[in-house]
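Note sheet for the following structure.
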Amino acid sequence: MKAPRPQVKKSAALSRGKARLRAHAALIYRFRRETQSTDAAVVQRTLRGPTPFLLRRVSQEAARLSALNRRPVITQREVVAALEQLRRRRSATLMAGA
């Protein structure tokens, strides 16, 4: 027989959600800080000018990948993978339209 699961309070669930939101905000902050560094030209060439829409798409995709990997924090690995996936999707749609 299994032991009864401890009850999770609503405040604990809310604090976890806030923690995830803060982690996501920290990712965006770090990403913007990196794009303003000396390597800005490399990132801008990769993203073709980081627009708020594109930053949002990358962060959403990275968050999805981190959830699939069951990681509580979005790492640089997920951001790079998200960039690659979005780039592949974009090139596939451009080739399909041509």
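What follows draws every value from the coordinates through simple rules; no lab data is involved. Keep in mind that this is a model prediction, so the values were computed, not measured. Don't worry about glycine lacking a Cβ; one is built from the backbone with ideal geometry, like all the others, and counts go over all protein chains shown.
Model label sites at Thr93 and Asn69, defined 7 Å from Cα along the beta-carbon direction, differ in position by 2.5 nm.
Sorting Ser66, Ser15 on the 10 Å Cβ count, fewest up front, what's the list? List each step's numbers first, then the result.
Details: Ser66 23, Ser15 11.
By the 10 Å Cβ count, ascending: Ser15, Ser66.
Label separation (Arg56 vs Val80): 2.8 nm, computed from points 7 Å beyond Cα along the C-beta direction.
Kindly put Phe31, Phe53 in sequence by how many other C-beta atoms sit within 10 Å of each C-beta, fewest to most.
Details: Phe31 19, Phe53 8.
Listed from fewest to most nearby Cβ atoms, that is Phe53, Phe31.
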